[in-house]
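Written below as structure tokens is the structure these notes are about.
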Amino acid sequence: MSRCLHHNTLGCIAQCPGRCCLHLYFGNVGLRLLPHELRQWRGMVAELCTFHTPHVADAEARCLSLPGPTSDQVFLFSLEEMFLLHDLLISAALLLEVDTILARAASQ
């Protein structure tokens, strides 16, 4: 059974039982992310949030895009949805880092 790392009104992010990947569910989309892909997405989302926050007049308009897993896919988000996605990604990254630190401490 997957372990839910974080959830909010947009969706959730869970770690697979084997801990090899993450399952990101947001809106009606689900993605499987490897650890390095989580870092990439987290960086892209953080940049979009920082850059577009002062420029987007309507926080609910779907005018922000993120590349999908293939070159011909794009995900569209409102600024509000982008912040919720950022919350999912940053919370999962923090929890995974805490798990790593605790595992190292336990093995010493």
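Observations on the model:
- Remark: the range 50-61, residue by residue, has Karplus-estimated 3J(HN,Hα) of 5, 5, 8, 3, x, 9, 8, 6, 10, 5, 9, 7 Hz, where x stands for each Gly or Pro and the curve is 6.51 cos²θ - 1.76 cosθ + 1.60 at θ = phi - 60°.
- Compared with the direct C-alpha span, the chain from ARG104 to THR53 gains 14.6 nm at full extension, assuming 0.36 nm per residue.
- Per-selection Kirkwood Rh - the range 1-61 (Cα, Å, 1 d.p.): 13.0 Å
- Heavy-atom surface analysis with a 1.4 Å probe gives the chain a carbon and sulfur content of 58 percent of its accessible area.
- Since only PRO35, HIS86, ALA106 are under comparison, the one whose Cα sits farthest along the positive direction of the charge dipole of the chain, derived from C-beta charges on Lys, Arg, Asp and Glu, is ALA106.
- Diffusion coefficient of the range 7-108 by Stokes-Einstein, Kirkwood radius over Cα pairs, 25 °C, 0.890 mPa s: 169 µm²/s.
- For the chain, the solvent-accessible area works out to 63 Å² per residue, with a probe of 1.4 Å and every protein chain left in place.
- Its relative contact order, with pairs defined as Cα atoms under 8 Å and 6+ residues apart, puts the chain at 23 percent.
The values are calculated or read from the model by the stated rules, or taken from the named source; none is laboratory data. Predicted model only: the values in this text are computed from it and were never measured. Backbone-built Cβ (ideal geometry, glycine too); neighbour counts: all protein chains shown. These accessible areas exclude ligands, DNA and RNA; they are computed on the full protein's heavy atoms, side chains included. Shrake-Rupley method; radii C 1.70, N 1.55, O 1.52, S 1.80 Å.
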